[in-house]
Amino acid sequence: MRRIDTHAVLTLPEGSEKTVEAFMAERGIRVMGYGASMEIFKEVGLPKDVAARFGIRDMGGSHGIGHTRMATESAVTTLGAHPFSTGDDQCLVHNGSLSNHNQMRRVLTLKGFPTKTQNDTEVAACYISSRLAEGANLGQALEGTLDDLDGFFTAVVGTKNGFGVVRDPIACKPAVMAKTDDYVAFGSEYRAFANLPGIDSARVREPEPAAVYFWERRRCRPSAMASTELRELNQALQGQKDATNQTNWVTENPRGAHAVAVGLDALIEVTVNGSTGYHCAGMNKQATVKVTGLGRAGRCVRPMMSGTVIIEGDASQYAGATGHGGLPVIKGNASSRCGISTKGIDIVLVRDKRTGHGVGLHGAIGQSGRSGRCR
């Protein structure tokens, strides 16, 4: 057990959560949330005091959600504060008012998602959890709120892999988003972004009415990549468009699979943790693809049209060969025929500091484009 002010974080055997929750409920101990990755802290008090009590400034992670509540429809209590967590590694904060929350409570209770407070926000959280349990993804669950929840609302949902935003058709509650190459931020007012790094060059806008935005990090199972998994991954990546909010994708341990992340044509970032076979990131037009971890790529980025491919390790034969554009960066050794018959591509080779090795036959029969080596 790890105690933080009025909260305690318990590590439990998998599958024992419901039993332990019932045991604690009998003794008046309230559960704020549960899961493998997400921790929920909330209390009554001034935001700066609550943040200091729990040491929020010293915490880290891929994403976080905070909320200051102005209570209008239920008691000012710790249990009634946001965020609400009603599912494994899930949370929701909400600004607005639901007019059909009593009806939805009955529906959700029958589905196995009863509420514990009179707060309408908890109803929205239970609704999202019920949809995810039914097999919907985060985007589909958020879209469902536009049909099934009545009222005016802006909600932010956090999951293990990302977060999403939904705004009702009336759109009377203030909301603003900021996006850079490094982060996505959301708030009720622009001043919440004022001290963020790079905010001057960020794309800042209001969410559209009756619209859903979500960002998720997608991961394949950490085992040898089967052909069906690879096909599904490539289909999902190839289906992304420039307007997509699913901008960050991760695949784990491809174990030398060929044709990983090929044919991409959207401004997305794909990280491949492990070694790949031939044609990794081939026919790339706009995406940024990074091969990290074990970092060995076969006949990668062949051919390449535009975008950026970064190999954090060694590349095999024909890396960047016949490329028409874009920038492959190889931070290791490149084998023979690297950059052969280039047609406009730029190639950067970072020499291996440990061995002093660099590249074999490089840039042969190149028609156009540039290449460079550095240490």
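The values are calculated or read from the model by the stated rules, or taken from the named source; none is laboratory data. It should be emphasised that the depicted structure is a prediction, and the values quoted were computed from it without experimental measurement. Cβ placement follows ideal geometry from the backbone for every residue including glycine, while neighbour counts extend to all protein chains displayed.
General observations
- Residue in segment 14-23 that is within 18 Å of ALA71 (Cβ to Cβ) and not charged (D, E, K, R) present: no
- Exactly one residue among ARG69, ARG30, ARG105 is over 26 Å from VAL165 (Cβ atoms), charged (D, E, K, R), in contact (Cβ under 8 Å) with a residue 12 or more places away in the chain and surrounded by 12 or more Cβ atoms within 10 Å (Cβ to Cβ), and that residue is ARG30.
- Annotation for segment 236-250: no member residue is in contact with a Ser or Thr (Cβ under 8 Å, 6 or more places away or on another chain), modelled with pLDDT under 70, under 16 Å from VAL289 (Cβ atoms) and in a loop (DSSP other than H, G, I, E, B).
- Restricting attention to segment 251-279, the residues that are assigned to a loop (DSSP other than H, G, I, E, B) and either modelled with pLDDT of 85 or more or among the small types (Gly, Ala, Ser) (or both) add up to 15.
- Matching residues in segment 72-87 - criterion: being in contact with a strand residue (DSSP E or B) (Cβ under 9 Å, 6 or more places away or on another chain) and surrounded by 15 or more Cβ atoms within 10 Å (Cβ to Cβ): HIS82, PRO83, PHE84, SER85, THR86, GLY87
- Qualifying positions in segment 283-306 - at pLDDT below 85 and among the small types (Gly, Ala, Ser): GLY293, GLY295, ALA297, GLY298, SER306
- Unique match (being surrounded by fewer than 16 Cβ atoms within 10 Å (Cβ to Cβ), out of contact with any helix residue (DSSP H, G or I) (no Cβ under 8 Å at 6 or more places or on another chain), farther than 23 Å from CYS126 by Cα and modelled with pLDDT of 85 or more) among ARG57, ARG53: ARG53
- Search result, residues across segment 88-112 that are out of contact with any Gly (no Cβ under 8 Å at 6 or more places or on another chain) and closer than 23 Å to LEU12 by Cα: GLY112
- Within segment 343-358, considering residues that are under 15 Å from VAL329 (Cα atoms) and part of a loop (DSSP other than H, G, I, E, B), the one modelled with the lowest pLDDT: GLY358
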